[in-house]
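Here is the structure we will look at, set down as structure tokens.
The values are calculated or read from the model by the stated rules, or taken from the named source; none is laboratory data. These numbers come from a predicted model, not from an experiment. Reconstructed Cβ throughout: ideal geometry from the backbone, glycine too, with neighbour counts over all protein chains shown. For accessibility, only protein heavy atoms count, side chains too; no ligands or nucleic acids. Shrake-Rupley method; radii C 1.70, N 1.55, O 1.52, S 1.80 Å.
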Amino acid sequence: MNEENAYQQEFQVKGGDFTRAGEVSCEIKNLLKELGLSAPIVRRAAIAAYEAEMNIIMYAWQGRLDLSVTPDRVRIVVEDKGPGIQDVELALSEGYSTATPEMRELGFGAGMGLPNIKKNTDDFRIVSEVGRGTRLEMTFLGNGHKP
Amino acid sequence: MLTLREIKNLLSGELLTPEMNLEMECPRVFASDLMSDVLAFMDPGSILVTGLVNTHVIRTARLADVTAIVFVQGKRPDAMVMNEAKLHNLPIISTSCSMFEACSRISRSFPDGGR
């Protein structure tokens, strides 16, 4: 399988839909397992997808995750329509958060989302435009042994 | 190494998913009410000890490879949370111990404190 015939699937996520939070990431995790990827890459991709999915639910109006899989790498591109991030560098630092008390009561919003995505990916790019939205590109390599 | 049954007994806990296997070995324990920390710092295959009772705990557990969940302070999840746990074969234990007491009892039985 090469880039042209990679397994591809698109997932929609609705902003503010806390009831369904995590369902898309669980679906992605199951798919990756079924496709026969190794346990470490499946876990890393699932955790990063979940952090990205939660960010859409907590902060954006709507978003989508585009999954693309070849035998040696997983790529997830996340695009949302939302308020964007004022200071991306600050948002990437551990502990920085703009979460509301309600989000924190659910166990999230500790300022670990983007840093944790970065930690779990082999390549991570983020572009954000205030008032329009944010785009994340996450790549996980099959032979990578990050945490 | 402790089994889930031994952990349940240490905590005088109640298994809320009675049909599930308690003989699995538990090499690691992670305690937190913050799911962000579970996702960022927990080793796969850990038991999660938490006081947070909502569906996000179950989703986080599924995504981060949690082996079983212990709810402290006598907390019991509602039917929706329990259904999701059962659907995904996730053993759930409830104990009246506080978070501190639960961690203390478990860690005394682990040679390296469990984490």
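A few remarks follow.
- Any pair with Cβ under 7 angstrom, 6 or more apart, that starts in the stretch B:1-27 at a residue that is without any contact (Cβ under 8 Å) to a residue 24 or more places away in the chain and ends at one that is in a loop (DSSP other than H, G, I, E, B) and of a type in the set (A, V, I, L, M, F, W, C): B:T3/B:L22; B:T3/B:M24; B:T3/B:C26; B:R5/B:L22
- So A:I85, is it of a type in the set (V, I, T), at pLDDT 95 or above and under 20 Å from A:R125 (Cα atoms): no
- For the stretch B:1-39, a residue qualifies if it is more than 14 Å from chain A (Cβ to nearest Cβ), surrounded by 15 or more Cβ atoms within 10 Å (Cβ to Cβ) and among the acidic types (D, E), and the qualifying residues are B:E6, B:E14.
- Any hit, the stretch B:44-51, residues being open to solvent by 10 Å² or more (accessible area, probe 1.4 Å), without any contact (Cβ under 8 Å) to a residue 60 or more places away in the chain and of a type in the set (A, V, I, L, M, F, W, C): no
- Single residue of the stretch B:63-80 satisfying the filter (surrounded by fewer than 21 Cβ atoms within 10 Å (Cβ to Cβ) and not in a loop (DSSP other than H, G, I, E, B)) that is farthest from the other protein chains (Cβ to nearest Cβ): B:A79
- Qualifying residue in the stretch B:40-48 (condition: within 13 Å of chain A (Cβ to nearest Cβ), in a loop (DSSP other than H, G, I, E, B) and over 16 Å from B:L90 (Cβ atoms)): yes
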